[in-house]
Amino acid sequence: MRLTLRTLLAYLDDVLDPTSAKDIGQRIQENSAAMEQVERIRAVLRKRRIGAPEIAGPGSGPDPNIVAEYLDNTLTPEAIAELEKLCLDSDMHLAEAAASHQILSIVLGEPIEVPATLKERMYAVGHVTRSIETVPAADAARSGAVAAGTAAGAGVVAAGAPSSAARIEPQIPDYLRRKPWGSRITAGLLVALGLGWLVWVLNDQSLKPTVPSDALAQGDVPSPPAEPAPGETPAPSAPAPAVADGNLVPPVPDLNEPAPAVPPMAGTTAVVATAPIAKPSEMAAAPAPPVPATTPEPMPPVPVPATTPMPAPMPAATVPPAPMPGTVPAPPAPMPPVAPAVPPLKFADILYGSTDGVALLQQAGDWTVLPRRSVIHAQETIGVPEPFDATFQIEGGKLDLTAFGETAVRFSPSTPAVSFGVVISRGKVLITRTSVPADPPVKMQLTVAGRVYEVTFPEANTVVGLDVVPPQPFGRPADGMPLPVAGGLVVSRGSVTVQPAGGAAVAIRPDAGELTWMELAAGKAQGQLKALPAWMVPGGIKVTPTQKQFARSFEKEFALEQTVSQSIPAVSKSDIARMAEAAVRTLTLTGNYRELVRSLQSKHEEARIAAIIGLREWLAENPQNEVLLTEEVGRVFPDSDVPGVITLLWGFPPQAARDPQASRQIVDVLTHDDIAIRELGFFHLVTLTGKTYSYKPVLPKGQRDAAYARWEEHLKKVGALLPPEMQ
């Protein structure tokens, strides 16, 4: 397999089979030009604001379809050479090809389910109209031949066309084009015309039906009109409904208006007024006699009620009867008691106060960089990668919480007893009460390994250190129970009161020493006296200028606009051993087991060991994680090596070092061809015996064989890794 650009991209994105990947890796190590090109690809992928080719016009080449065919390995050799030359000469085009290949590798390796809402949006876009040209018959006769696209943007002849083919011209899609001004003006005129017609319809009085100004209730009789004063001409008024025989008479229109045609009711005859219409006052006493008129083919008769149905009266409001004079009204019935509204519990004010370093926020299944001066809400999980630390101000500075590198904490919601809580899954946390002595005691809830404690700070200037060390397994757990965490609680100044859930409160002062989490759960108040750890002593951790420079360099690898799973995996493959190790530790903090499996084959010993520890800790969190891990290991290692890798990650119990057969199996791993498996075996040998015999997994084969011979001599002499226990 040649060391082409496509081969390098496939090697970097882990899409080659293990044998080919191993061969390509060795050839890259031997070829300085290939190694330089690999580093350049990694650099352009991490480079910010590198730009992208234009959609159309100058700087728009090459055609995106050509790049797609190149990534799909369907491009002609001539076009491949031209495109690779362009990528090697231009960082922008190299970044485009490498990033597209990386995205496609991720999608093909782990299919992504497209949400239904996104599918509906894409379907709603419809088809983009394309210009179709008819090609000559001579060109159409070449059935099945596909013409390669040229720089001039020639069309592609569709295979199998009988007489003509559709030629797609390179063009900007319709949704990216500017709309002409004529269509905008036409649309504006149509909208204005529609609004004008609507206003005219709403203001036209002739289109509105005549409605009486005052509707009469059933049984009401209108009062007679007032008599005009002597010498005064009565003003015309709107006709009022008259009553005849208890029935309403329709209002009479004005004399100057023509009577509107009223359709006759079914089963009756239409009436037409032939005599002069009387005044409204006379109308009530003597209505005008109707004159029948002939109607064409009346509808079938429908029974009409004798009286016009009136709307049912509204129910009257119930009014209590007035008390009789001389009597005492009965007292009102007592109202049932109403429980007072319970105010919602207020979560503590927590502010991220660090001015440098990096803190991560877990959301939507991934991790992002936490911006400066962010307010922390309940149920938010914060991670602090090595070598940074993060400080959080609680309740305006009543408590300061400092989380050191490789720490993950979750702020739990408030309860009736406390305003906030902290769930520590791993790492080191320093809590300081800095408020004045007059303040009341400050309470918080602490959760470690599923156990809940209520911690009270009764006095000012109190400093408490909390250390949680995740366990590593020593073989598959037989009962499936979670392993206990290490670490504990230390008070360096002041005092705290710790009360386990369901237990008694215990006061702890600096002379109590370090109490492990098992001792705290049992309610003990005295632990082992030890020297304070350096991270609890002010100025105890000395930071050299080199370490400060490294921290600034590593901080630049975290981008606000990218998730950690997008930015850090590439850093784990860095040529700088310390940078790769810090990236692998960050992958452990964020639980990215997929990239940890790939980091087992890192070229740096520090990164490989960090990946081994991270995967072992992740396995111990939940034994069911073995299913996910086995699937991922099968993607990186050959099928024959998968069971052995899983067994080595689970580890061995201490008694295995005294078993001859188990000791032989562990030592034989040192001769394996894969550096990841050799590193796993050597990791357990050092853990069980503390010896190395000058063996290193990265040494050349000759030196490894010499060190392996010394381990063979050890087995022959002792019989196992460790001698049998004395009875």
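Rule-based calculations on the coordinates, nothing more; no lab input. Everything quoted here is computed from the prediction, not taken from an experiment. Here the Cβ is made from the backbone with ideal geometry for all residues, glycine too, and neighbour counts use every protein chain on show.
Take the Cα atoms of the stretch 350-528, find their three principal axes, and give me the spread along each one in whole Å, biggest first.
52, 40, 31
What list do you get for TRP197, TRP535, TRP650 if you sort them by fewest beta carbons within 10 Å?
Listed from fewest to most nearby Cβ atoms, that is TRP197, TRP535, TRP650.
Run the dipole for the stretch 5-109 about the Cα centre, Lys and Arg Cβ at +1, Asp and Glu Cβ at -1, nothing else charged, and hand back the magnitude in debye, nearest 20.
480 debye
Could you line up ASP705, ASP641 from fewest to most neighbouring Cβ atoms inside 10 Å?
ASP705, ASP641
Could you work out the relative contact order of the stretch 658-717, using alpha carbon pairs under 8 angstrom and six or more residues apart, expressed as a whole percent?
It comes to 33 percent, rounded to a whole number.
So, by mean Cβ neighbours within 10 angstrom, what's the order for 594-607, 65-78, 376-389 with the highest one leading?
Per-residue Cβ counts within 10 Å, averaged per peptide and sorted highest first, yield 594-607, 376-389, 65-78.
From Cα pairs below 8 angstrom and at least 6 apart in sequence, can you work out the relative contact order of the stretch 595-727, rounded to a whole percent?
Relative CO of the stretch 595-727 lands at 22 percent.
One quarter of the convex hull surface, Cα atoms only: what value does that give for the stretch 593-727 in nm²?
8.5 nm²
As an exercise, identify the GluC sites (Glu not before Pro) in the stretch 537-570 lying in DSSP coil whose Cβ has no more than 13 other Cβ atoms within 10 Å.
Here the GluC sites (Glu not before Pro) that fit, given the DSSP loop and packing criteria, are GLU561.
By count of other Cβ within 10 Å, fewest leading, how are ASP673, ASP366, ASP467 ordered?
Ranked by crowding around the Cβ, least crowded first: ASP673, ASP366, ASP467.
Please list 675-683, 469-477 highest first by mean number of surrounding beta-carbon atoms within 10 Å per residue.
Answer by packing, highest mean first, reads 675-683, 469-477.
Are any of the pairs LYS542/LYS603; LYS22/LYS548; LYS428/LYS530; LYS398/LYS524; LYS22/LYS696 more than 25 Å apart by Cα-Cα distance, and if so, which?
LYS542/LYS603; LYS22/LYS548; LYS398/LYS524
Using Cα centres only, tell me the gap between the stretch 484-534 and the stretch 1-21 in whole Å.
That distance is 54 Å.
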